[in-house]
Amino acid sequence: MSGGRGKQAHHRVRTATLVVVAFVVLLAAGAGWIWLRLNGNISTFDADGLSKDRPGAGVAGQNVLVIGSDSRSGGNKELGGGEGDVGRSDTAFLLHVYRDREHAVAVSIPRDTLVDIPPCRLPDGSWTSGRTRAMFNSAFSVGESAKGNPACTQNTVEKLTGLRVDHTVVVDFEGFSAMTSAVGGVPVCVPKDVYQGDLNPHRGSRGQLLFPKGQQNVSGQKALDYVRVRHGIGDGSDIGRIQRQQAFVAGMVKKVREQGFNPATLLPLADAATKSLTVDPGLGSADKLLSFAMSLKGIGLHDIKFITVPWRYEGDRVDIVQPDADALWASLKADRTIDGKDAGGKAAGGKRQAGPAAPESPAALERVSGEGVSVSVANGTRVSGLAARAAAELEKHGFTVSDTGNAEARDAGITVIEFGPGRAAEARTVARLFPGAYVHGVAADGITVTVGRDFAAAGSGPSATTGPSAPPPAAANPGTLSADVAATARSADDDPCANLSYG
């Protein structure tokens, strides 16, 4: 490895889980008086860079994108910030807060994940062209500004997941040291002695002992060192480090909850955290942060989960595994927990929000009328003739199919129904023929059905030979995830020594 690449890898390590600042603030805040003095600490980023073609706003839970930022600006330089003045990000997770406000899950997205990056706004107001198969963390550096490009990362996550990101929080690590000290340190588990040379493998010597083997409490610079170490602990991979970072976040949330909501702990904690935050305008005041934070205080430790998007290695990069990832995004959209429970909460009027649509009865299907509704159909799979099969099902119920064809991407696990302005009601009617489909609004006109492998597995839809009352296949059920996803989930109350490496 060249010296330049070594420095780059080193500074990437340094901010790996400093996003814990934002996560703890969101989950631990709960007293209005704390926020009265914090309004001046909060910075916002320009929302003009958000895509005009975004997923429709949901009625279920909220999605908060948390991004770790690394640069040499400000106090970061003294704490070992990244090289140069360009804002970089190597850690991000999507926090889904379920509508019942009793569950939350943080989904980590590895920095090396190959994704499609949509057009993004540059500092001069112009827009880039979209890119395919680019590293996920490169989205934040588009425009090469010191503050990074959180809007570009948000656009990328929305394109990746099909979920609307309600809020985005960016945090650097200047306040991290003070915050970990404010809570009296965080318990961590170290499986072997770790030395300075493990923190920086290009040091050329073993250096001093940083962490003795065993469980211990870390704060300040020691906490920074722990969350950035990679090579001398576990299996040495970035994926393994993500799991230790999740354990650290879990431990910090647990520590704050155990100490309770008292001014001696939370005021310096929140003060240090908000000084390091840059948020979207929707969270850009103490009142807005308070309103959101107060809605989270009832989530129990066991119901705060941490997972990583289903992944596999692609050379020295990471690819997302399908249909597992599609099932995950669909489950979040439907407010299904990772173990398949409905966490949709109660809608207005006291009625519980429904989960994924169940197949309708034959009589109900007879009443589905698509008269006057035009639909475009695309095959999102490599199953031959699937678009024509879906078109026939729609035409049988009176819909007009304007055209059929193949989607640009041919790996869709879940059927997606997209609708333009003013077409929501018609899209819901279309969705009655495609149980488990993900329905969302877009800027383009019309209605498009992109059928996925769930539709192929179900035969020709609800009226197939399996019978309209038969349950949809597992792939179509947003509550059904890969067993590996649920098995590797971490709860905030788990043993800090458990499950610290995927290998």
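For Ser491 paired with Glu395, estimate the spin-label separation in nm (one decimal), with each label point 7 Å from Cα along the Cα-to-Cβ line.
In this crude spin-label approximation the distance works out to 5.3 nm.
Based on alpha-carbon atoms only, what is the radius of gyration of region 93-134 relative to the globular estimate 2.2 N^0.38 Å?
Normalised Cα radius of gyration, region 93-134: 1.70.
Two-decimal Rg/Rh of region 154-309 from alpha-carbon positions, Kirkwood Rh?
0.99
Provide the packing ranking of 39-46, 224-231, 310-317, 432-439, i.e. peptides ordered by the mean count of other C-beta atoms within 10 Å per residue, highest first.
Highest-to-lowest ranking by the protection proxy: 432-439, 224-231, 39-46, 310-317.
Can you give me the accessible area per residue for region 77-184, using a 1.4 Å probe, in Å²?
35
Tell me which residues come under 5 Å, amide H to amide H, from Val279 once H is placed; ignore anything under 5 positions away on its chain.
For Val279, whose amide H was placed from the backbone, the distant partners under 5 Å are Ser43, Thr44, Phe45, Val170.
What full-extension length gain, to one decimal in nm, is calculated for Ser402 and Arg367 as 0.36 nm per residue of separation minus the Cα-Cα distance?
Contour length minus the Cα-Cα distance gives 10.4 nm.
Give me the Å³ per residue figure for the convex hull around the C-alpha atoms of region 190-236.
Spelled out: Cα convex hull of region 190-236, divided by residues, is 66 Å³.
Where does the charge balance sit around Gln246 when Lys and Arg score +1, Asp and Glu -1, over other residues with C-beta under 12 Å from its C-beta?
+3
Using 24 Å as the Cα-Cα cut-off, could you pick out the over-long pairs in Lys147/Lys254; Lys333/Lys396; Lys213/Lys255; Lys159/Lys254?
Too far apart for the 24 Å limit: Lys147/Lys254; Lys333/Lys396; Lys159/Lys254.
Residue by residue, what Karplus-based ³J(HN,Hα) values in Hz, rounded to whole numbers, does region 377-394 have, using 6.51, -1.76 and 1.60 with θ = phi - 60° and x for Gly and Pro?
10, 10, 8, x, 10, 9, 7, 5, x, 5, 5, 5, 5, 5, 4, 4, 4, 5
With a sphere of radius 15 Å drawn around the Cβ of Tyr195, what net charge do the other residues whose Cβ falls strictly inside it have (Lys, Arg +1; Asp, Glu -1)?
Charge balance near Tyr195 sits at +4.
The values are calculated or read from the model by the stated rules, or taken from the named source; none is laboratory data. Since this is a predicted model, take the numbers as computed values, not measurements. Glycine gets a Cβ as well: all are built from the backbone with ideal geometry, and neighbour counts include every protein chain shown. We work out accessible area using only protein heavy atoms, side chains counted, and drop any ligands, DNA or RNA first. Shrake-Rupley method; radii C 1.70, N 1.55, O 1.52, S 1.80 Å.
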